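Okay, so here's the structure we're looking at.
The values are calculated or read from the model by the stated rules, or taken from the named source; none is laboratory data. Computed from a predicted structure; not experimentally measured. Cβ placement follows ideal geometry from the backbone for every residue including glycine, while neighbour counts extend to all protein chains displayed. Note: accessible area is taken over every heavy atom of the protein model, side chains too, but ligands, DNA and RNA are not part of it. Shrake-Rupley method; radii C 1.70, N 1.55, O 1.52, S 1.80 Å.
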Amino acid sequence: MISEFFINDTFFIQRLDPRLRIVFATAYSFAVALFAHLQTLITALLISCMMLVMAGVNFRVLAKRLLAFNSLVLLLWLVLPITFSGEALYYIGPFTITREGVLFSAQITLKSNAIMLAFIALIATTPVSVIGHALEKLFIPQKIVHILLLTYRYVFVIEQEYQRLIRAIKTRGFIPKTNIHTYKTYAYLMGMIFIRSVDRAQRVYQAMICRGFEGKFHSMDLFALKRQDYICLPFMTTTIIGLEVLEWIVTI
Amino acid sequence: MHISEGVLSGSVLISGFALTAVGTAVGLKKLDYEHIAQVGVLSASFFVASLIHVPIGPSNVHLILNGIVGLLLGWGAFPAILVALSLQAVLFQFGGITSLGINTLIMAVPAVMCYYLFGSIIRNRPKWIGFTAFACGFTAVFLGAVLAGAALIFTEENFLTVSALIIVAHIPVMIIEGIVTVFCVGFLSKVRPEMLSAFYEKESRW
């Protein structure tokens, strides 16, 4: 089942203004993505961990998610050190492990973890409906925000529809295997989901028209910077500037 | 076909965002408010369909479906994929903020290209529909893998081997996507043929 695991708004970060969180997460992610030195990246990773603690996320789910995306990183560790050209560190059979390859893999590992942990702490802890309205306030075009909100609204409905169809085909003795029958069954199932969503969209639009839709979704969330936001703002700015300065010091 | 956070260089990330912004702007311009609901709900259904894991030998793959997305939505594929990837990031943490632009580009450009390359043949030549649909599903994934490889090579020339590996590793996915696209398009052409053209193309309602 699709669900939002990380929401728990008794924690500090989760009570900050969502606009502030989005802007900071974006700036921080890009800053970290452009760093090259391991010292800066390790500092960034520690800062991300701190944010995670302040966000009070569910650690069991977090561990699962971290495992999932670090398994991708592991693949890079298997390929990059032997495919990079550079100074040789070790020889394993026909392969040469290069210094540059190892450094680059370490860089990617630290970067991706630092960015993802900050993303989980700041963004994944926010309900998508709130993110949508906050994005609108941040001058993202209304149409794309509407698509985001509608997709979020119907993703759960359509998942239930999908579960229903899966139950139906299982009841009829369907066992997925590597054969044409399986691919055909899944293709028809998807086709059915698409047709039903188009019909549903038609009804949704009619309902929206009935309620006087004029190209705007109104939000009950009042976005206003509160005291905690004003306290946090200088810390956030300092974090990014501090990291940039650290990167610059390490470079020279 | 998803490039993780922290892999690509700044210039690649920024150009990814710039090009995705252009594509999304074109897509949104073509969509009236009455199409917004359709793109939203269809985007949700692509999101769910891409969660299906299709068995292949001892392992399984999940489908990318950007060929079908292109056929059904045309330029609307850009906003639909952008939104689906954002939701994927927020709900499952597959990817984050910085790689959103380039990952949208990697999937949406092949979708739009497939729409122009194969759309009219699929609508107008019922005899060729099977072959064309296979080509559509296959090409969409192939182009996506090529774009992902290109993004990596622009970041760091040493990624050449990795890029080649990505394309080779996606060959089974391309074939399965092709097969699934044949059946899915065949099904839609029998049940709801008018769905096989981007809905901003004509005024008649579904």
(request) Determine which member of the set A:N58, A:N8 is closer than 29 Å to B:M1 by Cα and among the polar types (S, T, N, Q). (result) A:N58
(request) For the range A:1-17, name all the residues that are within 14 Å of chain B (Cβ to nearest Cβ) and acidic (D, E). (result) A:E4
(message) Residues that are at the interface with chain B (Cβ under 7 Å from one of its Cβ atoms) and either aliphatic (A, V, I, L, M) or touching a Cys at 6+ places or on another chain (Cβ under 7 Å) (or both): does the range A:202-215 have at least one?
(response) yes
(message) Suppose we keep only residues that are open to solvent by less than 40 Å² (accessible area, probe 1.4 Å) and closer than 16 Å to B:S45 by Cβ within the range A:158-176. Which one would you say is farthest from the other protein chains (Cβ to nearest Cβ)?
(response) A:L165
(message) For the list (1) open to solvent by 20 Å² or more (accessible area, probe 1.4 Å); (2) among the β-branched types (V, I, T); (3) farther than 20 Å from B:R192 by Cα, I need the number of the one condition that A:T185 fails.
(response) (3)
(request) Tell me which of these A:Y28 doesn't satisfy, since it passes every other one: (1) under 20 Å from B:V162 (Cα atoms); (2) open to solvent by less than 30 Å² (accessible area, probe 1.4 Å); (3) under 15 Å from the mean Cα position of the chain (by Cα). (result) (1)
(request) Can you tell me which residue within the range A:127-142, out of those that are within 8 Å of another protein chain (Cβ to nearest Cβ) and in contact (Cβ under 8 Å) with a residue 24 or more places away in the chain, is surrounded by the fewest Cβ atoms within 10 Å (Cβ to Cβ)? (result) A:V128
(request) Identify, from the list A:F84, A:F69, A:F24, A:F30, the residue that is in contact with an Asp or Glu (Cβ under 6 Å, 6 or more places away or on another chain) and in the same structural domain as A:F119 (by TED's automatic domain parsing). (result) A:F84
(message) Of everything in the range A:94-103, what is facing chain B (nearest Cβ under 10 Å) and open to solvent by 30 Å² or more (accessible area, probe 1.4 Å)? Give them in sequence order.
(response) A:E100
(request) Answer yes if at least one residue in the range A:198-215 is open to solvent by less than 60 Å² (accessible area, probe 1.4 Å), touching a residue at least 40 places away in the same chain (Cβ under 8 Å), assigned to a loop (DSSP other than H, G, I, E, B) and farther than 21 Å from A:K143 by Cβ, and no otherwise. (result) no
(message) Within the range B:75-93, does at least one residue satisfy the condition of being in contact (Cβ under 8 Å) with a residue 40 or more places away in the chain, surrounded by fewer than 24 Cβ atoms within 10 Å (Cβ to Cβ), within 12 Å of chain A (Cβ to nearest Cβ) and not in a helix (DSSP H, G or I)?
(response) no
(message) Testing A:Y91 on (1) part of a loop (DSSP other than H, G, I, E, B); (2) more than 9 Å from chain B (Cβ to nearest Cβ); (3) open to solvent by 40 Å² or more (accessible area, probe 1.4 Å), one condition comes back false. Which one is that?
(response) (1)
(request) Only residues that are facing another protein chain (nearest Cβ under 7 Å), touching a residue at least 40 places away in the same chain (Cβ under 8 Å) and either assigned to a loop (DSSP other than H, G, I, E, B) or on the phi > 0 side of the Ramachandran plot (or both): list them for the range B:7-54, please. (result) B:V7, B:L31
(message) Among the residues of the range B:169-187, what is the count of those that are within 12 Å of chain A (Cβ to nearest Cβ) and open to solvent by 10 Å² or more (accessible area, probe 1.4 Å)?
(response) 8
(message) What are the pairs with Cβ atoms under 7 angstrom where one residue, in the range A:14-39, is assigned to a helix (DSSP H, G or I) and the other, located anywhere, is surrounded by fewer than 20 Cβ atoms within 10 Å (Cβ to Cβ) and of a type in the set (K, R)? Sequence gap at least six, or different chains.
(response) A:R19/A:K137
